[in-house]
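Visitor: The structure's right below; bear with me while I get my questions together.
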């Protein structure tokens, strides 16, 4: 039996794939330890895993203004790296070093920049997990990268400009990562050859690309140790979480509804998303489920619309005629697996790129966040629901994703790495 430390920061979309892996690794006889935000302690310990608090705390989950800064389309990624990840780098390192004592392997998400330092200092292997194609910034695979000049977001020029995106990203983020280079020097670790956010972030042992091939296929400029696994699904259902009786009664009382959700992060900064969605739903004479998180439920909802704080996506999405969401990769994956047409309203980070990829699949349409108004929503949703090609294509893609087993492939690769180590 090996002791494995799983570490991640961010939203539930970042945490849930790690939980899926952890459950399978424990089933295979390994001891799995989590190091993550203190806000997730109850969730982790309820599943029976050892928990270690790892800073920074995810205070944005309860602070709409902070979440708005993190989710800003142009500056959100820089804010997260400078003011959250790198500002807490030493605390993250200390907390993770404590959790990783006697560990045989560290598995980390992209944002845990201290994980590599801890692994190198302790002399143990580490595995990097990436959840979305944008993480590779491949010159062979068109990406939409927020924060770069607008010319790089134009679909007609994107492929031509793609080879320059990685180099431009390195230049733009060079000053963001100075704390990483400084801490490496203080720890006596070798200097990095490149940028730890762009081209020198990959593990020499194993990189798990934990998304489906329907979003992106392996490219020649991916790192040598990269392995495409497919999505790793978890949303609470494995812990026994079910749809509420109230929601079940609503679903059984009429036609399949449109489900509106903003995931677990963007929902903290919804703006007029739910108000415009209600207007569009009524104009389309449709039923709807609003997943609103901790937001105050809208007043005077008609019987055709219900607002819930949360519902497991794997249970609610298959009952929907369409899903409207923010484009986080976890939400995107669940909607694709359910075979639902989607309307995506990307906020920041990987979401515009995810939206672009799903639209190219022929299962989705996209509305920029600033243009999300009832009139536009009515038009786009109307086409999604009335044109049968979207539902047909979504059904085919869903069948492909349901045939994949990302958790098994990822855990097989992890165990192979443990065997080599």
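Visitor: Here are the criteria: (1) closer than 24 Å to residue 12 by Cβ; (2) surrounded by 21 or more Cβ atoms within 10 Å (Cβ to Cβ); (3) over 19 Å from the mean Cα position of the chain (by Cα). Tell me which single one residue 83 does not satisfy.
Guide: (2)
Visitor: I've got another one for you. With 382, 398, 339, 330 as the choices, which residue is loosely packed, with under 15 Cβ neighbours inside 10 Å and modelled with pLDDT of 95 or more? If you could, list the steps in order and put the result at the bottom.
Guide: Numbers: 398 fails: loosely packed, with under 15 Cβ neighbours inside 10 Å; 339 fails: loosely packed, with under 15 Cβ neighbours inside 10 Å; 330 fails: loosely packed, with under 15 Cβ neighbours inside 10 Å.
Checking each option against the conditions leaves just 382.
Visitor: Right, here's the next one. Looking at the stretch 63-77, can you tell me whether even one residue there is farther than 18 Å from residue 263 by Cα, surrounded by 18 or more Cβ atoms within 10 Å (Cβ to Cβ) and not assigned by TED's automatic domain parsing to the domain that holds residue 296?
Guide: Here is the first cut: in the stretch 63-77, the ones farther than 18 Å from residue 263 by Cα are 74-75.
In the following step, the residues that additionally are surrounded by 18 or more Cβ atoms within 10 Å (Cβ to Cβ) were identified as none.
Looking for residues that are farther than 18 Å from residue 263 by Cα, surrounded by 18 or more Cβ atoms within 10 Å (Cβ to Cβ) and not assigned by TED's automatic domain parsing to the domain that holds residue 296, one finds none in the stretch 63-77, hence no.
Visitor: Spot the failing condition for residue 122; the list is (1) under 16 Å from the mean Cα position of the chain (by Cα); (2) at pLDDT 95 or above, and only one is missed.
Guide: Every condition holds for residue 122 apart from (1).
Visitor: Another question, then. Restricting to strands (runs of 3 or more DSSP E) lying wholly in the stretch 20-124: which have 1 or more residues that are touching a strand residue (DSSP E or B) at 6+ places or on another chain (Cβ under 7 Å) and in contact (Cβ under 8 Å) with a residue 60 or more places away in the chain? If you could, list the steps in order and put the result at the bottom.
Guide: Details: elements: 31-36, 50-53, 105-109.
Filter on the stretch 20-124 gives 31-36, 105-109.
Visitor: Right, another one. Among the candidates 314, 304, which residue alone is in contact with a helix residue (DSSP H, G or I) (Cβ under 9 Å, 6 or more places away or on another chain), in contact (Cβ under 8 Å) with a residue 40 or more places away in the chain and closer than 18 Å to residue 327 by Cα?
Guide: Of the residues listed, the single one that is in contact with a helix residue (DSSP H, G or I) (Cβ under 9 Å, 6 or more places away or on another chain), in contact (Cβ under 8 Å) with a residue 40 or more places away in the chain and closer than 18 Å to residue 327 by Cα is 314.
Visitor: If you go through the stretch 284-303, how many residues are part of a loop (DSSP other than H, G, I, E, B) and buried (at least 17 other Cβ atoms within 10 Å of the Cβ)? It would help to see each step written out before you state the result.
Guide: First, pick out the residues of the stretch 284-303 that are part of a loop (DSSP other than H, G, I, E, B): 284-287, 292-303.
Filter once more, keeping what is buried (at least 17 other Cβ atoms within 10 Å of the Cβ): 284, 286-287, 292-293, 295.
Matching residues across the stretch 284-303 total 6.
Visitor: Same structure, new question: Out of 189, 243, 215, report the one residue that is assigned by TED's automatic domain parsing to the domain that holds residue 336 and in a loop (DSSP other than H, G, I, E, B). Working first, answer last.
Guide: Working: 189 fails: assigned by TED's automatic domain parsing to the domain that holds residue 336; 215 fails: assigned by TED's automatic domain parsing to the domain that holds residue 336.
The unique qualifying residue is 243.
Visitor: Return the total of residues in the stretch 359-397 being assigned to a loop (DSSP other than H, G, I, E, B) and more than 17 Å from residue 259 (Cα to Cα).
Guide: We begin by selecting, within the stretch 359-397, every residue assigned to a loop (DSSP other than H, G, I, E, B); these are 362-363, 367-368, 372-373, 387.
Next, from what is left, pick out any that are more than 17 Å from residue 259 (Cα to Cα): 362, 368, 387.
So the answer is 3.
Visitor: Could you please let me know if residue 203 is touching a strand residue (DSSP E or B) at 6+ places or on another chain (Cβ under 7 Å), part of a loop (DSSP other than H, G, I, E, B), outside the structural domain of residue 321 (by TED's automatic domain parsing) and surrounded by 20 or more Cβ atoms within 10 Å (Cβ to Cβ)?
Guide: Details: touching a strand residue (DSSP E or B) at 6+ places or on another chain (Cβ under 7 Å): yes; part of a loop (DSSP other than H, G, I, E, B): yes; outside the structural domain of residue 321 (by TED's automatic domain parsing): yes; surrounded by 20 or more Cβ atoms within 10 Å (Cβ to Cβ): yes.
The answer is yes for residue 203.
Visitor: Same structure again: Sort through 409, 414 and tell me the only one that's assigned by TED's automatic domain parsing to the domain that holds residue 19, closer than 30 Å to residue 146 by Cβ, under 26 Å from the mean Cα position of the chain (by Cα) and at pLDDT 95 or above. Lay out the reasoning, then the answer.
Guide: On the way: 414 fails: closer than 30 Å to residue 146 by Cβ.
Result: 409 is the single residue among 409, 414 that is assigned by TED's automatic domain parsing to the domain that holds residue 19, closer than 30 Å to residue 146 by Cβ, under 26 Å from the mean Cα position of the chain (by Cα) and at pLDDT 95 or above.
For (1) buried (at least 19 other Cβ atoms within 10 Å of the Cβ); (2) at pLDDT 95 or above; (3) touching a helix residue (DSSP H, G or I) at 6+ places or on another chain (Cβ under 8 Å); (4) within 22 Å of residue 233 (Cβ to Cβ), each residue gets a yes or a no:
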| residue | (1), (2), (3), (4) |
| --- | --- |
| 2 | no, yes, yes, no |
| 6 | yes, yes, yes, yes |
| 54 | yes, yes, yes, no |
| 89 | yes, yes, yes, no |
| 92 | yes, yes, yes, no |
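Visitor: Same structure again: Enumerate the pairs (first residue in the stretch 272-284 and within 15 Å of residue 323 (Cβ to Cβ); second residue anywhere and loosely packed, with under 15 Cβ neighbours inside 10 Å and at pLDDT 95 or above) with beta-carbon separation below 6 Å, excluding pairs fewer than 6 apart on the same chain, so at least 6 apart or on different chains.
Guide: As it stands, the answer is none, since no pair meets every condition given.
The values are calculated or read from the model by the stated rules, or taken from the named source; none is laboratory data. Worth saying up front: this structure is predicted, and the values here are computed from it rather than measured. Methodologically, a virtual Cβ is constructed for each residue, glycine included, from the backbone with ideal geometry; neighbour enumeration extends over all protein chains shown.
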